[in-house]
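Notes for the one structure printed next.
The values are calculated or read from the model by the stated rules, or taken from the named source; none is laboratory data. As the structure is a computational prediction, the values presented were derived from the model and not from experiment. Methodologically, a virtual Cβ is constructed for each residue, glycine included, from the backbone with ideal geometry; neighbour enumeration extends over all protein chains shown. Surface areas here come from the heavy atoms of the whole protein model, side chains and all, with no ligands, DNA or RNA. Shrake-Rupley method; radii C 1.70, N 1.55, O 1.52, S 1.80 Å.
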Amino acid sequence: MLPLIIAPNKILRTPTLDLNLPLPDQILKIIPRMYEAMEYYHGIGLAAPQINKSLRIMVIATADGPQAFINPKVLKVSRKQEQMEEGCLSLPGLFGVVGRPYTLNVEYISVDG
């Protein structure tokens, strides 16, 4: 299993690197391992720095199964917010109520390019 990086760790605050198309095989092989790690650590999301990779990749558990977002960029957020309790795998045991946009538009590259 991929080791989980726990705060404080410099990689969690270091800007990540954009990935270019076509995606190298080594990157495509990391994504399924990120899905496995997210489930293993009982998370609903995981970013590459949390597994010690300074790459702009995140995986999220969705109703349709896990989905990868490569080079995600938030384009638009709603003014309406929703308050929810959240935690972070890199901050074990720490939970808090956070305001998040009710909707947002994101541009990203899928694993299919």
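Accessible area per residue for the chain in Å², computed with a 1.4 Å probe and the full protein assembly in place, what is it? Don't jump to the answer; show the numbers that get you there.
On the way: 7900 Å² over 113 residues.
Accessible area per residue, the chain: 70 Å².
Enter the accessible area of Met84 (Å², nearest 10), with the probe set to 1.4 Å and all protein chains included.
80 Å²
Please report the relative contact order for the chain, taking Cα pairs under 8 Å with a sequence separation of at least 6, and give it as a percent rounded to a whole number. Present the calculation step by step, with values, prior to reporting the outcome.
Numbers: 183 pairs, mean separation 29.7, N = 113.
Normalised by residue count, the contact order of the chain is 26 percent.
Based on DSSP, what percent of beta bridges with both residues in the chain are antiparallel, to the nearest 5? Don't jump to the answer; show the numbers that get you there.
Details: 22 of 23 bridges.
Approximately 95 percent, going by the DSSP bridge assignments.
State the number of lysine pairs found in the chain whose Cα atoms come within less than 25 Å, restricting to pairs 8 or more positions apart or on distinct chains. Don't skip to the answer; put the middle values down first.
Details: Lys10/Lys29; Lys10/Lys53; Lys10/Lys73; Lys29/Lys53; Lys29/Lys73; Lys53/Lys73.
Close lysine pairs found across the chain: 6.
How far apart, in nanometres, would the label points at Asn9 and Leu104 be if each is projected 7 angstrom from Cα along the Cα-to-Cβ direction?
2.2 nm
Step through the residues of the range 34-47 one at a time and calculate ³J(HN,Hα) from phi using the Karplus curve (6.51 cos²θ - 1.76 cosθ + 1.60, θ = phi - 60°), rounding each to whole Hz and writing x for Gly and Pro.
5, 4, 4, 5, 4, 5, 4, 8, 6, x, 10, x, 7, 9
When the helix-only estimate is applied to the chain (DSSP H runs of n ≥ 4, each -39,500 (n - 2.57), divided by the residue count), what is the mean residue ellipticity at 222 nm, nearest 500 deg cm²/dmol?
Details: 1 runs with 16 residues, N = 113.
Theoretical 222 nm ellipticity from helices: -4500 deg cm²/dmol.
Can you tally the net charge around Arg33? Count Lys and Arg as +1, Asp and Glu as -1, for every other residue whose Cβ sits under 12 Å from the Cβ of Arg33.
On the way: positive: Lys29, Lys53; negative: Glu36, Glu39.
With Lys, Arg at +1 and Asp, Glu at -1, the net is 0.
Over the range 60-113, what is the mean sequence separation of C-alpha contacts under 8 Å (at least six apart), divided by residue count, expressed as relative contact order in percent?
Details: 78 pairs, mean separation 23.4, N = 54.
Value for the range 60-113: 43 percent.
Accessible area of Arg33, 1.4 Å probe, to the nearest 10 Å²?
Surface open to solvent at Arg33 totals about 120 Å².
Is the range 50-113 best put as rounded, prolate or oblate by its Cα gyration tensor, with a ≥ b ≥ c the root eigenvalues, rounded for a/c under 1.5, and otherwise prolate when a/b is larger than b/c, oblate when not?
Numbers: a/c = 1.88, a/b = 1.14, b/c = 1.64.
Oblate is the answer for the range 50-113, as a/c is 1.5 or above yet b/c matches or exceeds a/b.
Would you tally the net charge around Pro101, using a Cβ to Cβ cut-off of less than 11 Å, leaving Pro101 out, and scoring K and R as +1, D and E as -1?
Working: positive: Lys76, Arg79, Lys80, Arg100; negative: Glu82.
Computed value for this residue: +3.
With a sphere of radius 15 Å drawn around the Cβ of Arg13, what net charge do the other residues whose Cβ falls strictly inside it have (Lys, Arg +1; Asp, Glu -1)?
Numbers: positive: Lys10, Lys53, Arg56; negative: none.
Once all neighbours under 15 Å are counted, the net charge is +3.
If you take log10 I(q)/I(0) by the Debye sum over Cα atoms at q = 0.09, 0.12, 0.16, 0.18 Å⁻¹ from the coordinates, which of [x] -0.26, -0.45, -0.77, -0.95; [y] -0.25, -0.45, -0.82, -1.04; [z] -0.23, -0.41, -0.72, -0.90 do you get?
[y]
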